[in-house]
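The values are calculated or read from the model by the stated rules, or taken from the named source; none is laboratory data. Note that the structure is predicted; figures quoted are calculated from it, not measured. Cβ coordinates were reconstructed from backbone atoms using ideal geometry, including for glycine residues, and neighbour counts include every protein chain displayed.
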Amino acid sequence: RKEVEQDPGPFNVPEGATVAFNCTYSNSASQSFFWYRQDCRKEPKLLMSVYSSGNEDGRFTAQLNRASQYISLLIRDSKLSDSATYLCVVVGPYGQNFVFGPGTRLSVLP
Amino acid sequence: ETGVTQSPTHLIKTRGQQVTLRCSSQSGHNTVSWYQQALGQGPQFIFQYYREEENGRGNFPPRFSGLQFPNYSSELNVNALELDDSALYLCASSDGQPDEKLFFGSGTQLSVL
């Protein structure tokens, strides 16, 4: 089993749609969790951290379920500019090993 | 912009050669990590340096080695290049805090022929 797994995608959605991405991880000792966004041929950029209490940043909501070792990202009112690959990132207990999932590609269509 | 710079941006090598990639970390960051990203995959952790010492390593062979300098810039060296080493190599710096976030450079695209 891979350390971090994500929905395979791609997701093709119309503008204005709500889309949810799922991510699971295998190391129960993982301490920190993030979502990164990567545009084609560009470097990954931090989208948001993920906390057990859940957190929201505008149209984006992230949730963490430690018991199920599951992370989610919800995007509401999708924009064309949201088209990108979304990477789930899980950090090991000592903070030095960031494990990236394979990514889920999103295309928002006009 | 993140303030993390990598050089060169693109590189073409032949199998068996050696390559050195360079990274300047963001001001104030003492931790640098390197990642390999093959086409269509997520970045894979190679190793991390904290204050000039390696303090974590992923599942990469010893021919992948690195250095961090007193100014916290870093090098990634790959010996005996193989065709499968063709990938985007990303450097990321962070401030070493527990909830550290990574700031990536734009990467070096390495092609091994």
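Across the range B:52-109, which residue is farthest from B:GLN41 (Cα to Cα) among those that are among the polar types (S, T, N, Q) and loosely packed, with under 13 Cβ neighbours inside 10 Å?
Checking each candidate, the answer is B:ASN71.
Have a look at A:TYR70, A:TYR51, A:TYR36, A:TYR94 and point out the one that is more than 27 Å from B:GLY107 (Cα to Cα) and at the interface with another protein chain (Cβ under 10 Å from one of its Cβ atoms).
On the way: A:TYR70 fails: at the interface with another protein chain (Cβ under 10 Å from one of its Cβ atoms); A:TYR36 fails: more than 27 Å from B:GLY107 (Cα to Cα); A:TYR94 fails: more than 27 Å from B:GLY107 (Cα to Cα).
Sole residue among the options that is more than 27 Å from B:GLY107 (Cα to Cα) and at the interface with another protein chain (Cβ under 10 Å from one of its Cβ atoms): A:TYR51.
Return yes when A:PRO93 is modelled with pLDDT of 90 or more and closer than 25 Å to B:ALA92 by Cβ and no when it is not.
Judged against the criteria, A:PRO93 is not a match.
Can you name the strands (runs of 3 or more DSSP E) wholly within the range B:1-103 that have at least 3 residues being out of contact with any Phe, Trp or Tyr (no Cβ under 9 Å at 6 or more places or on another chain) and without any contact (Cβ under 8 Å) to a residue 60 or more places away in the chain?
No strands (runs of 3 or more DSSP E) qualify here.
Restricting to the range B:1-31, and then to whatever is more than 12 Å from every other protein chain (Cβ to nearest Cβ) and charged (D, E, K, R), can you tell me which residue is farthest from B:LEU88 (Cα to Cα)?
Ranking the qualifying residues of the range B:1-31, first place goes to B:ARG15.
Of everything in the range B:95-113, what is more than 9 Å from every other protein chain (Cβ to nearest Cβ) and either hydroxyl-bearing (Ser, Thr, Tyr) or more than 14 Å from B:CYS23 (Cβ to Cβ) (or both)? Give them in sequence order. Before you say what the answer is, go through the steps one by one.
Going residue by residue through the range B:95-113, those that are more than 9 Å from every other protein chain (Cβ to nearest Cβ) are B:95, B:108, B:110-113.
Correct list: B:ASP95, B:THR108, B:SER111, B:VAL112, B:LEU113.
Just for the range A:15-26: of the residues that are within 17 Å of A:GLU5 (Cα to Cα) and assigned to a strand (DSSP E or B), which one is nearest to the other protein chains (Cβ to nearest Cβ)?
A:CYS23
Could you tell me which of the residues A:LEU109, A:LEU87 is out of contact with any helix residue (DSSP H, G or I) (no Cβ under 6 Å at 6 or more places or on another chain), within 24 Å of B:TYR50 (Cβ to Cβ) and modelled with pLDDT of 95 or more?
On inspection, the qualifying residue turns out to be A:LEU87.
Restricting attention to the range B:51-68, does a residue exist that is of a type in the set (Asp, Glu) and at pLDDT 95 or above?
Checking the range B:51-68: not a single residue is of a type in the set (Asp, Glu) and at pLDDT 95 or above.
When the range A:42-72 is examined, which residues are found to be in a strand (DSSP E or B) and over 21 Å from A:PRO93 (Cα atoms)?
Correct list: A:PRO44, A:LYS45, A:LEU47, A:ASN55, A:GLU56, A:ASP57, A:PHE60, A:THR61.
Yes or no: A:ALA29 part of a loop (DSSP other than H, G, I, E, B), touching a residue at least 24 places away in the same chain (Cβ under 8 Å) and loosely packed, with under 12 Cβ neighbours inside 10 Å? Spell out how you get there, then give the answer.
Values: part of a loop (DSSP other than H, G, I, E, B): yes; touching a residue at least 24 places away in the same chain (Cβ under 8 Å): yes; loosely packed, with under 12 Cβ neighbours inside 10 Å: yes.
Spelling it out, A:ALA29 is indeed part of a loop (DSSP other than H, G, I, E, B), touching a residue at least 24 places away in the same chain (Cβ under 8 Å) and loosely packed, with under 12 Cβ neighbours inside 10 Å.
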